[in-house]
Amino acid sequence: MSIELDHFFILTTPGAPQAELLSEIGLTEGSPNDHPGQGTANRRFFFSNSMLELIYIRDAAEAASGPGSQLRFVERANDVNASPFGLVFKAIPGSAGAIFPGWRYYPDYLETGRYLYIGQNSDILEEPLCVCITFDLPLSTNQPLQVEPYTMVTELRIGIPVLRPSSVLETITQSERVSLQLGEPHRLEVVFNEEQEGQFKDFRSGLPLIMRW
């Protein structure tokens, strides 16, 4: 089966104060979330077809030695050359194609038996963490969706400093709405509504993020 983008995240400093930068341009923050056993928590912004998580380490000891230690969040947070990005996909039932090569992660915060499929490039810190959800997530309720011009995410452009991407990254470029810019500094460009207004906001003084609409 093939995959499509579900949501994406940026690893930030504890508490994710960078969320205030997004609020300043008119984005409305949704409810936060906690990840027991993974040592992380987040602040979230919901769009009509995706979500941006600002994820941060809540408990470094738990992140380093708990069930989610193989995600390498602590190492990513402490390595200036590591990618701060994560791409979360969902499988499309009945479609042709293959999920990227990887391994199963059984988080404490999911029901028993459910797992996330993690790209085997998780040890390549210079590349984004790639995750696939293989089950139906319940729809988020009572979460504030953004209004124009930030309604729909139509493309993610991801800058990475590597020149030869892993097989995992090669696989995700076959999905819609995701493109790689190789040999570039870590950067995430989020395009809304096909960039119809020709406007942008550069957050790179506080986040490796550019928004275009």
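Things worth noting here:
- Theoretical ellipticity at 222 nm over the chain - DSSP helices of four or more residues, -39500 (n - 2.57) apiece, nearest 500: -2500 deg cm²/dmol
- Whole-angstrom gap from the range 34-74 to the range 106-179, using each part's C-alpha centre: 13
- Note on Arg114, Arg43, Arg72: ascending count of other Cβ atoms within 10 Å places them as Arg114, Arg72, Arg43, the fewest first.
- Label point 7 Å beyond Cα of Trp103 along Cβ direction - residues of the range 49-66 with amide nitrogen under 16 Å: 64-66
- Expressed to the nearest 5 percent, the antiparallel share of DSSP beta bridges inside the range 3-212 is 65 percent.
A short reminder: the numbers here are calculations on the coordinates, not readings from a lab. All values reported here derive from a predicted model rather than from experimental measurement. All Cβ positions, even for glycine, are placed from backbone atoms using ideal geometry, and neighbour counts span all protein chains on display.
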